[in-house]
1. Could you grab the pairs with beta carbons closer than 6 Å, sequence gap of 6+ or different chains, first residue in region 207-232 and at positive phi and in contact (Cβ under 8 Å) with a residue 12 or more places away in the chain, second one in a loop (DSSP other than H, G, I, E, B) and surrounded by 18 or more Cβ atoms within 10 Å (Cβ to Cβ)?
2. Restricted to region 98-151, and to residues that are among the small types (Gly, Ala, Ser) and over 21 Å from Pro167 (Cα atoms), which residue is surrounded by the most Cβ atoms within 10 Å (Cβ to Cβ)?
3. Filtering region 309-323 down to residues that are touching a residue at least 40 places away in the same chain (Cβ under 8 Å) and of a type outside the set (A, V, I, L, M, F, W, C), which residue is farthest from Glu363 (Cα to Cα)?
4. Which of the residues spanning region 89-125 are assigned to a strand (DSSP E or B) and in contact with a helix residue (DSSP H, G or I) (Cβ under 6 Å, 6 or more places away or on another chain)?
5. Go through region 2-63 and tell me which helices (runs of 4 or more DSSP H), entirely inside it, have 2 or more residues that are under 22 Å from Tyr227 (Cα atoms) and acidic (Asp, Glu).
6. Does region 283-297 include one or more residues that are outside any helix (DSSP H, G or I) and either in the same structural domain as Gly119 (by TED's automatic domain parsing) or out of contact with any Gly (no Cβ under 7 Å at 6 or more places or on another chain) (or both)?
7. What is the residue count in region 254-293 for residues that are polar (S, T, N, Q) and without any contact (Cβ under 8 Å) to a residue 60 or more places away in the chain?
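The values are calculated or read from the model by the stated rules, or taken from the named source; none is laboratory data. Only a predicted model underlies this, so the values are computations on that prediction, with no experimental measurement involved. Positions of Cβ are generated from backbone atoms using ideal geometry, with glycine treated the same way; all protein chains shown enter the neighbour counts.
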Amino acid sequence: MVRVKEAVSKLAEYKPARSIVEVSREYGIKEKDLIKLAGNENRFGCSENVIKAINDSKTYFSYYPDVNVTKLREKLSEKLNVPGKNLIFGNGSFELLTLIGETYIEKDDEVIYNDPSFGWYLNVTLKNEGTVVRVPVTEEKAVDTEGILKRINEKTKVIWLCNPNNPTGTVIAPVVLTDFIERVPEHVLIVLDEAYIDFIDGDYIDTIELAQRHSNVIILRTFSKSYGLASFRVGYGIASEDIIRNLLKVKLPINLSFTAQVAALAALEDEEFTEFVISQNRKELGRYYSEFEALGLKYIPSNGNFILVRTGLDGEYVETEFAKEGIIIRKGEEFGLDKWLRISVGRPEENSRVIELLKKILEEIRKNDRKNA
């Protein structure tokens, strides 16, 4: 047997949300009848502009894609008011995070991880032989910025900062985030992962301006969430020319497909659809808040397209009961949050089914408890 790299041998396999195919085969439910609310995908689909643009471009499918992502770069540069040379594109945020690790993390570098957060940060750190420094979230499940600052030393190389944070849905207050970035030493790279930035409830600061003022900050964003293009795998980073130049040295020459570029460009031009998705998400989150309060369940107000709720029940049991009914959700135990659930926000009728099924499960448990009392 060929010996694997020591750093890789120590890695835990990344565990994504259960797929529709997997659940369909396990429970004998047709794929079209399943509701997947476990991967924080956009249940409203994508803009019709995307479908038309791809269809209109089919004569170009046999060509290699534009290595420089020219048209999308120009459009984003205009929209975000940043020079095109300060942008990098990747096969989703997964690739960009991987590039950052390969470019900056060396053996024994300390890398700070807010716990719980996006699991790929750990894999990227460990496979590059970095040392993970965990800083738990607060009692309110918020990112502990002061706790992070206290753990920084001369060995610290990178801080993974998911904001809004997945899986908790919390967001760092603008004044706190600005102060935090000001206090982080320049030798530490701050990776500000803003996959859910569009769903923040209320006004927020211009973090791009922060990245332009601080040469040790890179912002990551994606087309997977509010734009509904998760299957196309389009992510992008915003940072100083120096950071972008270094990342490009290790990036695959062609990493964004032609159709992905076409889809993202078309999605950017349909602001009405994106605004609809965001408004529906906020409306449905409000409904979840009301229902959870009526049921006496603790939840975390969310700035993402998902919500974290504490049922007090074993997560594996609840997840299985939902799967039997054709609804895929995610147990909190996967994130170290026992007796919590993370539920992606779906369409109104899908959220109604979630609420009704949760009520049914809770009522049956309470009925049994009364019987056995």
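1. These pairs meet every condition: Gly228/Asn42; Gly228/Cys46.
2. Keep residues of region 98-151 that are among the small types (Gly, Ala, Ser), which gives 101, 117, 119, 130, 142, 147.
With over 21 Å from Pro167 (Cα atoms) added as a condition, the list becomes 101, 130.
Working: Gly101: 26, Gly130: 24.
Here the answer is Gly101.
3. We begin by selecting, within region 309-323, every residue touching a residue at least 40 places away in the same chain (Cβ under 8 Å); these are 311, 313, 318, 321, 323.
If we keep only those that are of a type outside the set (A, V, I, L, M, F, W, C) too, we end up with 311, 321.
On the way: Thr311: 12, Glu321: 14 Å.
If we take residues in region 309-323 being touching a residue at least 40 places away in the same chain (Cβ under 8 Å) and of a type outside the set (A, V, I, L, M, F, W, C), then Glu321 is farthest from Glu363 (Cα to Cα).
4. Hits for region 89-125 are Gly90, Val111, Ile112, Tyr113.
5. Working: elements: 6-9, 20-27, 48-56.
Because the criterion is at least 2 residues that are under 22 Å from Tyr227 (Cα atoms) and acidic (Asp, Glu), the helices (runs of 4 or more DSSP H) in region 2-63 that meet it are 48-56.
6. Here is the first cut: in region 283-297, the residues outside any helix (DSSP H, G or I) are 296-297.
Filter once more, keeping what is either in the same structural domain as Gly119 (by TED's automatic domain parsing) or out of contact with any Gly (no Cβ under 7 Å at 6 or more places or on another chain) (or both): 296-297.
Looking through region 283-297, at least one residue is outside any helix (DSSP H, G or I) and either in the same structural domain as Gly119 (by TED's automatic domain parsing) or out of contact with any Gly (no Cβ under 7 Å at 6 or more places or on another chain) (or both).
7. Keep residues of region 254-293 that are polar (S, T, N, Q), which gives 255, 257, 259, 261, 274, 279-281, 290.
Right, trim to without any contact (Cβ under 8 Å) to a residue 60 or more places away in the chain and you get 279, 290.
Result for region 254-293: 2.
Matching residues to (1) surrounded by fewer than 24 Cβ atoms within 10 Å (Cβ to Cβ); (2) within 30 Å of Ala38 (Cα to Cα); (3) out of contact with any Leu (no Cβ under 7 Å at 6 or more places or on another chain); (4) not β-branched (Val, Ile, Thr):
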{"residue": "Thr156", "(1), (2), (3), (4)": "yes, no, yes, no"}
{"residue": "Trp160", "(1), (2), (3), (4)": "no, yes, yes, yes"}
{"residue": "Asn166", "(1), (2), (3), (4)": "yes, yes, yes, yes"}
{"residue": "Val171", "(1), (2), (3), (4)": "no, yes, yes, no"}
{"residue": "Val175", "(1), (2), (3), (4)": "yes, no, yes, no"}
{"residue": "Ile181", "(1), (2), (3), (4)": "yes, no, no, no"}
{"residue": "Pro185", "(1), (2), (3), (4)": "yes, no, yes, yes"}
{"residue": "Leu189", "(1), (2), (3), (4)": "yes, no, yes, yes"}
{"residue": "Glu194", "(1), (2), (3), (4)": "yes, yes, no, yes"}
